[in-house]
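Structure first, then comments.
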Amino acid sequence: MELFDNLLLGFATAMTPLNLLYALIGVFLGTAIGVLPGLGPVATIAMLLPATFAMPPVTAMIMLAGIFYGAQYGGSTTAILVNLPGETSSVVTALDGYQMARQGKAGRALAVAALSSFFAGTVCTLLIALFAPPLAELALKFGPAEYFSLMVLGLVASIVLANGSILHALGMIILGLLLGLVGTDVSSGAQRYTFNMPELADGIGFVVVAMGMFGLGEIVANLEHEATRDVSIKKVEGLWPTREDFRRATGPTLRGTLLGSILGILPGGGATLASFGAYALEKKVSKNRHEFGKGAIEGVAAPESANNAGAQMSFIPMLTLGIPSNPVMALMIGAMIIQGIQPGPSVMKEQAPLFWGLIASMWIGNMMLLVLNLPLIGMWVRMITIPYRYLFPAIVVFCAIGVFSLNNSIFDIYFMALFGVIGYVFKKLDCEPAPLLLGFILGPMMEEFLRRAMLLAKGDPSVFVTRPISATMLALAAVLLTLVLLPAFKKTRGEAFVEE
Amino acid sequence: MSVRSWKDLWSGVLYVALAAGFLWFGRDFRMGTASRMGPGYFPLVLAWVLLGFGVLSVVRSFLVEGEGIGGMAPKPLAIITAAVVLFGLLLTPLGLVVAMPVLIVVSAMASSQSVYDVKGALIVIGLTLFCILVFVKGLGVPMPIFGSWFDGLVPATWQR
């Protein structure tokens, strides 16, 4: 069986001592940053990117992936224990998780969160192994027109699933695309918007933008709402859930995993939306819906399985198409390119050990998280109590060193500062930085595919609607955009993001 | 006729201004044809689209009720930005031994809760040493430990 062979190859790759070690480092770091508010996976991966240059590609990818899904685990720990979601994807977990903790059931809530995440992780590892090959196979048939339409669909979907004003999200995408074009035009060699600065000839570094907007920008935002966090935590005991807990958590976990898997594949979807959606769904279908918000175990199991499923499934478009569905995946693509691997459907064939090793490592990493995190709860709790005033100067330092080490350029440090300011101003105006970042990474790719498609079609734009796959994707994009502009849908979309 | 959503107004103005910038600085780019796109085709089309969104946002700000912008925090923003820029300026002449403590202390000023005591000083020294050992010595990031002003004052092997 081919699937079996592939997974075997994956596990053989992921189980080497070096890769196991880096998977462990990844999930450990991920949990840590998940626990610490004000430091997300984007900034962390951006900071660690330079450190992965010297590693073999598969090891680097395994560690970076570990940080990403590890953060989902860590974020839920703080959400349950102290009502401080470390990541946005665990915001809804705090609703019922914290109530459970107040009733002295913190241990059970944590265990259910970890177990349902692990379940979702296992299912998704299998799903990726099943669906990635046919998708990559299909993608090999894609011409430039299909790729262009796929990116349009991706960008449109990221708007639909994003929080906030649609008009502003559209604006941020276009601005991101434009910023991505700064530098030398690949086909004509012309300098665009470089103002004769040699530092800009290769374009603006993606890490520079990500660190400025997500790293520095978030620090400023946190300092604005600086409050003394009074963190008093009761001793966590009784880690094992009761039989009743298991019974009640099973259905929500299954539904959460399913919903998370679907939403995770969509561009711009991923963990956050999945957790909100799963919680809302459980509130509608659960027999115990009157208990929601008062410490219902379903309200922990559903979002936790969904956010982990969403996080893992977002690897599918990245691995099979070479298209990032969120900023973290964009960084992973950056890491691949730095390692000399051209992302796209050919990765699965040409880099089989990397592809399957990464997938297998996700299951191993989830296992590590389960085994590690429950006994280490005490340590994470102590970490929460570190005051932010000690943390943020260190984050600034790591951002500055990290951004410098990419090109050994002081210029990049100044540019990071500039993007910190830009990110802050836009955030104040309700323009989210995530769509800009997606546009930024897709900009040069889109232009190239558009050029090639139009060249092949001799300048006839109808090529995008006469080729069936391309037409389907554009139609989907149009449907999504229409839906999102309909008043009825607008209302539900707004509600999905509103906390109870 | 009065402004109903300041957020829409200002983001619209910003989009229009940025789009105008992209159009102006890209005015000499060759457009090419649809089948052979020049370097100007994609960016200039995008800039016009951005301009359109900007105008829409401005128009909407007069029609649809929205929120106010809320408190800006110029202080943390200015301090963090200044700290990072200072770090960049000091790195080559003085090296990490000076630039890093400056970066840490200046950033710390962004928080009203920072305390400047012996413990804080120890953290600054510890973090600086940690970064020099891990990043410069360990990972080989080519940042000067002692900058060019220290030429001749410290052994050259200490400088990198």
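The values are calculated or read from the model by the stated rules, or taken from the named source; none is laboratory data. Not measured: the values here are computed from a predicted model. Note that each Cβ is placed from the backbone with ideal geometry, even for glycine, and that neighbours are counted across all protein chains shown.
Just a few scattered comments:
- Against the numbered list (1) touching a residue at least 60 places away in the same chain (Cβ under 8 Å); (2) surrounded by fewer than 21 Cβ atoms within 10 Å (Cβ to Cβ), A:LEU354 comes up short only at (2).
- Among residues that are in a helix (DSSP H, G or I) and either without any contact (Cβ under 8 Å) to a residue 12 or more places away in the chain or surrounded by fewer than 24 Cβ atoms within 10 Å (Cβ to Cβ) (or both), A:LEU370 is included.
- Complete set of residues in region B:71-84 that are at the interface with another protein chain (Cβ under 7 Å from one of its Cβ atoms) and not in a helix (DSSP H, G or I): B:MET72, B:ALA73
- Residue identified as over 30 Å from A:ILE173 (Cα atoms), modelled with pLDDT under 85 and surrounded by 24 or more Cβ atoms within 10 Å (Cβ to Cβ) among A:GLU298, A:GLU282, A:GLU291: A:GLU282
- Test: residue in region A:98-107 that is under 21 Å from A:VAL371 (Cβ atoms) and either more than 16 Å from the chain's Cα centre (by Cα) or not charged (D, E, K, R) (or both): yes
- Residues considered: A:ALA51, A:ALA43. Of these, the only one that is without any contact (Cβ under 8 Å) to a residue 24 or more places away in the chain and assigned to a helix (DSSP H, G or I) is A:ALA51.
- Among the residues making up region B:85-128, a single one is in contact with a Lys or Arg (Cβ under 8 Å, 6 or more places away or on another chain) and part of a helix (DSSP H, G or I): B:ALA108.
- Subset of region B:1-27 [touching a residue at least 12 places away in the same chain (Cβ under 8 Å), facing another protein chain (nearest Cβ under 10 Å) and over 13 Å from B:VAL59 (Cβ atoms)]: B:TRP6, B:LYS7, B:TRP10, B:LEU14, B:LEU18, B:ALA19, B:PHE22, B:GLY26
- Filter result for B:PRO43 (in contact with a strand residue (DSSP E or B) (Cβ under 9 Å, 6 or more places away or on another chain), of a type outside the set (Asp, Glu) and not in a loop (DSSP other than H, G, I, E, B)): yes
- The condition (being more than 14 Å from chain B (Cβ to nearest Cβ) and within 19 Å of A:ILE219 (Cα to Cα)) is satisfied by just one residue among A:ALA46, A:ALA79: A:ALA46.
- B:PHE42 vs. criteria assigned by TED's automatic domain parsing to the domain that holds B:ILE132 and of a type outside the set (Lys, Arg): no
- Region A:428-448, residues that are within 11 Å of another protein chain (Cβ to nearest Cβ) and more than 11 Å from A:MET172 (Cα to Cα): A:LYS428, A:LEU429, A:GLY443, A:PRO444, A:MET446, A:GLU447, A:GLU448
- Among (1) within 26 Å of the chain's Cα centre (by Cα); (2) surrounded by fewer than 18 Cβ atoms within 10 Å (Cβ to Cβ) - the single one B:GLU67 does not satisfy: (1)
- Residue satisfying all of: in region A:419-470; acidic (Asp, Glu) and touching a residue at least 24 places away in the same chain (Cβ under 8 Å); surrounded by the fewest Cβ atoms within 10 Å (Cβ to Cβ) among these: A:GLU448
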